[in-house]
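The structure is given below, and queries will be raised subsequently.
The values are calculated or read from the model by the stated rules, or taken from the named source; none is laboratory data. What you see is a predicted model; the values in this text were computed from it and never measured. Cβ atoms come from the backbone with ideal geometry, glycine included; neighbour counts cover every protein chain shown. What goes into the accessible areas is simple: the full protein's heavy atoms, side chains included, and nothing from ligands, DNA or RNA. Shrake-Rupley method; radii C 1.70, N 1.55, O 1.52, S 1.80 Å.
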Amino acid sequence: MTATREKRDPLARKRLRHVPMGLRSRAMHALSARAAQGRFVLQACTECGNVTYPPRDACPQCWGELSWQDQPDGGQVLCETTVRVSTDLYFRDHMPWRMGKVLLNAGPVALVHLHAALHPGDQTVVRMMIDRGGNAALFAIPAEGTDLMSDPQWREFVVPVEGRIALVSDARSAIGRAVVKELQARGAELVVAGLPGPSLAADANDAVFNLDRVQTIALDVTDATSVAEAASRIGGPLDIVVNTARHVRTGGVSANPGFVEQRRAFEVSAMGFSRLASTFAPILAGRPNGAFVDILSSSALCGEVHQAGFAAAEAARHSLLQSLRQEMRATGVRVMSVFTGPVEDADHQHVPPPKVAPSRIASSVVDALLNGREQTCVGDAAQDAMERWLTDPALFVREKNL
Amino acid sequence: MSKAQAPYTGVAVCAPITVPYQRFSAEPAHWWAGRALRHLRAMTGLGPSDIDGFCFASFSSGPDSAVGMIQHLGLSPRWLDHIPTGGASGVMALRRAARAVQCGDAELVVCLAADTNQIDSFRHSLAGFSRFSQDAVYPYGFGGPNATFALITDAYMREYGVTREEFGKLCLAQRANAGSNPMALQRKPLTLDAYMAARPIADPVHLFDCVMPCAGAEAFIVTTPERAEALGLKMAQVLATIERHNAFPQDPVQSRGGWAMDIDSFWETARITPADVDVLQVYDDYPVIVAMQIEDLGFCEKGQVVQFIRANDFTITGDLPLNTNGGQLSAGQAGAAGGFQNVTEGLRQILHMPLGDQVPDARIAAVSGFGLVNYDRGVCTGAALLEALP
């Protein structure tokens with residue numbers, strides 16, 4: 001079964017989108033922060049090794065200190081129910097709702113969202129998802145491959161691409177072009193390819209822009225009028241925005257600052273992000289599975305001495321992204337970050353490998369959508385940067401800028 | 001082996017009070033508490049200055065605890081307790097008050113539970129119930145206690161071969177018992193067909209497996225036999241009590257409660273057996289918990305509850321009268337007062353002052369409490385055996 005796009009009736013009363021209750025303990029937020037990175041973690045006692053769930057502030061076996069550790073994600077379904085009555089507005093919109101209890105191979109038992117095909121006694125794989133309210137939630141799925149998208153509960157945690165309408169903010173760049181191609185290939189009903197600057201004769205003959213279900217549109221994120229015009233020209237429903245715009249240039253701070261390029265980087269990465277988000281977020285909020293995906297450089301984490309302006313603009317973009325994510329919690333719109341290191345493109349001709357192919361970034365974007373993953377790092381360089389930043393940010397900033 | 005429990009010498013339990021329940025009430029918990037004390041005054045002639053011990057339970061009195069309540073109600077007790085354990089609060093209030101009176105820390109303790117039920121207050125009290133619920137239960141469909149007990153019921157039915165018919169028999173008997181109780185919110189006779197055909201709430205829990213939240217208050221007095229006699233009150237003595245919290249935490253699904261840990265000493269201390277019990281008042285948020293208590297309190301072996309339910313009649317004139325006021329399933333669940341009505345109803349039956357029909361010759365009541373789903377199971381349990389004093 002395919003997840004079909006919800007049609008919009010312009011005469012009907014606008015449907016309110018609710019999200020699940022957001023109140024959580026500090027320890028649960030710590031779990032969510034790790035789940036957002038796609039990790040399956042639970043607390044383990046640093047003294048007796050006992051693995052515990054729900055999140056606690058002390059080991060219930062010896063009162064020792066707890067630490068987050070990656071855990072095996074298998075388990076067995078113990079019991080099940082189908083909730084048919086709820087006082088919660090979000091779940092009332094999605095009744096009936098299947099949930100159950102799983103004995104995790106890691107040790108503890110956990111209440112889970114239960115896939116339609118699972119029943120007591122079944123082996124399961126438990127995925128740590130982010131719910132529409134932005135918090136970690138355990139979802140038990142069949143251990144053997146199954147069509148997850150056919151389960152309406154699963155679709156609440158992910159962003160289907162098939163049959164949806166997507167906008168790519170800068171489709172002229174190598175990354176943007178690859179993203180358009182990938183979204184089209186994965187069954188998007190329509191991919192709107194934003195083209196900044198003057199239209200080029202080459203665009204008309206571009207194989208990607210001439211694909212079925214792809215339309216180009218003039219869109220320059222540095223120009224508020226252009227963004228507004230693009231929004232009104234798209235007019236209809238929009239499910240996914242992928243922000244591929246960036247302005248990569250070398251240059252320092254005191255030496256070779258290149259102020260024109262620096263300003264341009266901020267206009268694209270930071271101000272452009274804000275223009276795009278402020279215009280399109282309300283449109284996404286009206287959709288059942290709205291998502292805003294931002295592709296940003298991992299140099300946003302720590303600065304980059306030889307690309308100081310670009311890194312600073314990307315850092316500002318990263319900061320704006322965190323704020324947007326928080327704002328979108330109340331609407332259920334997923335805000336996803338896809339970090340990348342140097343890309344195999346014209347902007348990185350001077351950089352030695354490893355570099356990431358634009359097509360790989362594009363498939364990671366779709367993968368993040370289909371798995372509902374809030375944060376993705378594409379390629380070795382971005383993964384390495386994130387790991388080092390999470391482990392010791394002060395050390396990473398020093399090493400990276402030596 | 002732990003030290004044997006001292007007998008409850010010089011302790012009298014008396015004056016069961018039930019303020020008639022209402023499905024919804026605009027009045028706060030304080031009003032319901034005050035109403036219970038007025039009923040108590042009418043029954044005993046006691047005023048604020050006569051009460052030197054006060055034990056309180058409520059979910060809806062916020063921001064006030066027992067402290068706010070005593071000033072609100074004009075009490076100056078020398079012994080004060082606040083019990084947050086919901087369905088186990090009645091038994092716990094009883095055993096704490098009994099020791100206070102026995103040791104002379106107080107002479108007359110009023111145990112009182114009061115809760116209101118305003119429109120939408122159930123949703124609000126659910127939302128802020130516990131940290132584990134907020135982190136790891138409600139995000140999974142927000143089915144409230146219905147979903148939690150659906151999982152317990154599902155596992156219990158699979159493990160012990162219990163069917164809905166058995167649960168139905170318990171619910172039907174309680175509804176029949178409610179028939180003579182003018183205060184019960186649901187008195188219309190229930191048939192097995194109607195029970196089986198009821199709409200599902202959270203499978204396998206159906207409509208008549210669920211209590212109706214309401215507003216209400218319950219109270220009783222624990223004092224010395226001398227004082228009770230001077231007040232002209234009928235009284236009962238406490239034969240034995242038990243209490244246990246977070247029992248069997250390693251059980252992946254709750255299939256037994258804390259009673260099972262202490263049940264042998266319970267009957268030994270009381271020097272009676274389950275066969276001597278005339279009336280059984282168990283906590284009944286869901287019939288699965290009634291069945292669990294029948295086993296764990298020793299009325300039948302674990303795993304034998306199907307045969308036991310089929311073989312016994314749980315109506316007021318039956319061989320094991322169960323929840324004779326209709327229980328919460330028929331009388332209504334007035335928050336923490338739902339954890340007191342088992343004590344007041346047991347007391348009323350053995351003191352022969354019933355709300356509805358009297359269990360013939362009732363002398364000994366077994367009362368059992370079960371409370372507070374913090375995560376995936378009820379955490380608090382307790383039980384008491386009461387015997388009427390001549």
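Take the residues in region A:340-363 that are modelled with pLDDT of 95 or more and of a type in the set (S, T, N, Q), then tell me which one is farthest from the chain's Cα centre (by Cα).
Only one residue tops the list, namely A:Ser359.
If you don't mind, another one. How many residues does region B:202-218 contain that are within 14 Å of chain A (Cβ to nearest Cβ) and part of a loop (DSSP other than H, G, I, E, B)?
Residues meeting the conditions: 5.
Please give the number of the condition B:Ile51 fails out of (1) on the phi < 0 side of the Ramachandran plot; (2) within 18 Å of the chain's Cα centre (by Cα).
B:Ile51 satisfies all of (1) on the phi < 0 side of the Ramachandran plot; (2) within 18 Å of the chain's Cα centre (by Cα) except (2).
Check off (1) more than 10 Å from chain B (Cβ to nearest Cβ); (2) free of Cβ contacts under 8 Å to residues at least 40 places away in the same chain for A:Arg56 and give me the number that stays unchecked.
Here A:Arg56 meets the rest and fails (1).
Per-residue answers, yes or no, for (1) crowded, with 22+ Cβ neighbours inside 10 Å; (2) more than 18 Å from the chain's Cα centre (by Cα); (3) in a loop (DSSP other than H, G, I, E, B):
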site	(1), (2), (3)
A:Ala300	yes, no, no
A:Glu304	no, yes, yes
A:Phe310	yes, yes, no
A:Ser319	no, no, no
A:Arg325	no, no, no
A:Gly332	yes, no, yes
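Give the residues of region B:235-268 that are of a type in the set (Gly, Ala, Ser) and within 17 Å of B:Leu372 (Cβ to Cβ), sorted by residue number.
B:Ala247, B:Gly257, B:Gly258
Tell me, which strands (runs of 3 or more DSSP E) wholly within region B:1-114 include 1 or more residues that are open to solvent by less than 20 Å² (accessible area, probe 1.4 Å) and farther than 30 Å from B:Phe266 by Cα?
Fully inside region B:1-114 and qualifying: B:12-22.
When you check A:Ala265 against the structure, is it on the phi < 0 side of the Ramachandran plot and open to solvent by 30 Å² or more (accessible area, probe 1.4 Å), yes or no?
Details: on the phi < 0 side of the Ramachandran plot: yes; open to solvent by 30 Å² or more (accessible area, probe 1.4 Å): no.
It is false that A:Ala265 is on the phi < 0 side of the Ramachandran plot and open to solvent by 30 Å² or more (accessible area, probe 1.4 Å).
So, B:Arg158, is that one closer than 24 Å to A:Asn135 by Cα and either in contact with a helix residue (DSSP H, G or I) (Cβ under 6 Å, 6 or more places away or on another chain) or open to solvent by 20 Å² or more (accessible area, probe 1.4 Å) (or both) or not?
So B:Arg158 fails the test.
May I pose another question? As an exercise: evaluate A:Leu11 against (1) open to solvent by 10 Å² or more (accessible area, probe 1.4 Å); (2) within 14 Å of chain B (Cβ to nearest Cβ) and give the number of the one condition it does not meet.
All conditions are met except number (2).
Which ones in region B:268-292 are over 23 Å from B:Ala331 (Cβ atoms) and open to solvent by 30 Å² or more (accessible area, probe 1.4 Å)?
Listed by number, the residues that qualify are B:Glu268, B:Thr269, B:Arg271, B:Thr273, B:Pro274, B:Ala275, B:Asp276.
Here is a follow-up. Which of the following residues is outside the structural domain of B:Thr381 (by TED's automatic domain parsing), more than 20 Å from the chain's Cα centre (by Cα) and hydroxyl-bearing (Ser, Thr, Tyr): B:Thr44, B:Thr116, B:Thr18? Break it down stepwise before answering.
Values: B:Thr116 fails: more than 20 Å from the chain's Cα centre (by Cα); B:Thr18 fails: more than 20 Å from the chain's Cα centre (by Cα).
Sole residue among the options that is outside the structural domain of B:Thr381 (by TED's automatic domain parsing), more than 20 Å from the chain's Cα centre (by Cα) and hydroxyl-bearing (Ser, Thr, Tyr): B:Thr44.
Right, another one. Please go through region B:180-201 and give me each residue that is surrounded by 13 or more Cβ atoms within 10 Å (Cβ to Cβ), without any contact (Cβ under 8 Å) to a residue 24 or more places away in the chain and within 14 Å of chain A (Cβ to nearest Cβ), ordered by number.
Residues satisfying the conditions are B:Ala198, B:Pro200.
Report, by residue number, each residue of region B:132-155 that is surrounded by 24 or more Cβ atoms within 10 Å (Cβ to Cβ), hydroxyl-bearing (Ser, Thr, Tyr) and either more than 7 Å from chain A (Cβ to nearest Cβ) or touching a Lys or Arg at 6+ places or on another chain (Cβ under 8 Å) (or both).
Scanning region B:132-155 gives B:Thr148, B:Thr153.
To continue, here is another question. Give me a count of the residues in region B:370-379 that are under 20 Å from A:Tyr53 (Cα atoms) and either not in a strand (DSSP E or B) or not aliphatic (A, V, I, L, M) (or both).
5
Can A:Ala230 be described as out of contact with any Phe, Trp or Tyr (no Cβ under 6 Å at 6 or more places or on another chain), part of a helix (DSSP H, G or I) and either open to solvent by 60 Å² or more (accessible area, probe 1.4 Å) or on the phi < 0 side of the Ramachandran plot (or both)?
Working: out of contact with any Phe, Trp or Tyr (no Cβ under 6 Å at 6 or more places or on another chain): yes; part of a helix (DSSP H, G or I): yes; either open to solvent by 60 Å² or more (accessible area, probe 1.4 Å) or on the phi < 0 side of the Ramachandran plot (or both): yes.
Yes, satisfied.
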